[in-house]
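The values are calculated or read from the model by the stated rules, or taken from the named source; none is laboratory data. All of these numbers come straight from a predicted model, not from anything done at the bench. In this analysis, Cβ positions are derived from the backbone assuming ideal geometry, glycine residues included, and neighbour counts consider all displayed protein chains. Calculation scope for accessible area: heavy atoms of the full protein, side chains included, ligands and nucleic acids excluded. Shrake-Rupley method; radii C 1.70, N 1.55, O 1.52, S 1.80 Å.
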Amino acid sequence: MGFPANGAAASDRKLKFLIYGRTGWIGGLLGKLCEAQGLEYSYGSGRLENRASLEADLASVKPTHVFNAAGVTGRPNVDWCESHKVETIRTNVAGTLTLADVCREKGLVLINYATGCIFEYDANHPLGSGVGFKEEDTPNFIGSFYSKTKAMVEDLLKNYENVCTLRVRMPISSDLSNPRNFITKITRYEKVVNIPNSMTILDELLPISIEMAKRNLTGIWNFTNPGVVSHNEILEMYRDYIDPNFAWKNFTLEEQAKVIVAPRSNNELDASKLKKEFPELMSIKESLIKYVFKPNQKATGA
């Protein structure tokens, strides 16, 4: 194959990124990051499930790396996937596999933004234990059709040595007006559960994903900040930094189940592999304060 060994630094040839997911949250942020770093990039115009359109993109752009931030998460949430199963399969399974296969044929590394919502706390990884799921662990959560398709495609992508699978969870950014932002979501809910989870601070981790492409890293990576944070801890920070009058109500998982179609994943991912590669990676609570809450802090006093 034409792609370099896992972890080999990018050669002297000029980097050029091809990004799928232009209209999505992560895809849009990736383009802005490339601009800020002076990196050449283009957005793919092909549909993931249309092989010929992907081949045409690669032929015209001639990228050094491909990023896949396209996918179906559902609107307004993953419950959509429960009633749109074929559309979910078409993009999340058939489309992602087609892109990986086309990239492999061309000797290109594919950075694939996947999900860590394919696990749930269990007897070997109890809530509050600090024992997280590792990259090689087999997914144990198939409560939602969305998660089921993501676990399937992750398992198949393991066979593609050119793919870097990034397990993103409950993504958060400094843009508190974005409805996809986990913080924005939970501040707007009538009631929230209160469960510690691994999460991804995009302001810190998306630049790391660009660096991973430069290093030609492949395989599965838990793409979260180390440690866990609960809903209430985030909302307490929101109250302390953003809105002193903010109040919220909790409810149990059993009560939540009555107002959602599919169960949700709650877990801790072990981020030590990513931390070893990027020692500067901050813990989830440190990263929340530095990248999200401090920049948005409302000035107090005169």
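Below is a table of values for the structure above.
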item	result
Residue selected from segment 14-49 under the condition open to solvent by 70 Å² or more (accessible area, probe 1.4 Å) and among the small types (Gly, Ala, Ser), by the criterion farthest from Arg90 (Cα to Cα)	Ala36
Residue check, Glu135 in contact with a strand residue (DSSP E or B) (Cβ under 6 Å, 6 or more places away or on another chain) and assigned to a loop (DSSP other than H, G, I, E, B)	yes
Qualifying positions in segment 159-195 - assigned to a loop (DSSP other than H, G, I, E, B), among the charged types (D, E, K, R) and in contact with a strand residue (DSSP E or B) (Cβ under 9 Å, 6 or more places away or on another chain)	Glu161, Arg169, Lys191
Residue in segment 223-244 that is under 20 Å from Val163 (Cα atoms) and touching a Leu at 6+ places or on another chain (Cβ under 7 Å) present	yes
Filter result for Val109 (within 26 Å of Thr138 (Cα to Cα), β-branched (Val, Ile, Thr) and modelled with pLDDT under 95)	no
Positions within segment 11-40 being of a type in the set (Phe, Trp, Tyr) and within 21 Å of Leu108 (Cα to Cα), in sequence order	Phe17, Tyr20
Hits in segment 161-185 (condition: more than 15 Å from Val292 (Cα to Cα) and open to solvent by less than 30 Å² (accessible area, probe 1.4 Å))	Asn162, Val163, Cys164, Thr165, Leu166, Arg167, Val168, Arg169
Evaluation of Ser265 against (1) farther than 23 Å from Leu166 by Cα; (2) at pLDDT below 90; (3) not hydrophobic (A, V, I, L, M, F, W, C) (one fails), failing number	(1)
Tally of residues being closer than 24 Å to Arg13 by Cβ, in contact with a strand residue (DSSP E or B) (Cβ under 9 Å, 6 or more places away or on another chain) and assigned to a loop (DSSP other than H, G, I, E, B) across segment 24-53	3
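For every residue, the table says whether it meets (1) among the basic types (Lys, Arg); (2) at pLDDT 95 or above; (3) open to solvent by less than 30 Å² (accessible area, probe 1.4 Å); (4) not in a helix (DSSP H, G or I).
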{"position": "Met199", "(1), (2), (3), (4)": "no, yes, yes, yes"}
{"position": "Leu205", "(1), (2), (3), (4)": "no, yes, yes, no"}
{"position": "Ile208", "(1), (2), (3), (4)": "no, yes, yes, no"}
{"position": "Leu217", "(1), (2), (3), (4)": "no, yes, yes, yes"}
{"position": "Leu235", "(1), (2), (3), (4)": "no, yes, yes, no"}
{"position": "Asp240", "(1), (2), (3), (4)": "no, yes, no, no"}
{"position": "Glu254", "(1), (2), (3), (4)": "no, no, no, no"}
{"position": "Leu274", "(1), (2), (3), (4)": "no, yes, yes, no"}
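Conditions (1) open to solvent by less than 10 Å² (accessible area, probe 1.4 Å); (2) small (Gly, Ala, Ser); (3) touching a residue at least 60 places away in the same chain (Cβ under 8 Å), marked per residue:
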| site | (1), (2), (3) |
| --- | --- |
| Glu135 | no, no, yes |
| Thr138 | no, no, no |
| Phe141 | yes, no, yes |
| Ser144 | yes, yes, yes |
| Lys148 | no, no, no |
| Ala151 | no, yes, no |
| Asn159 | no, no, no |
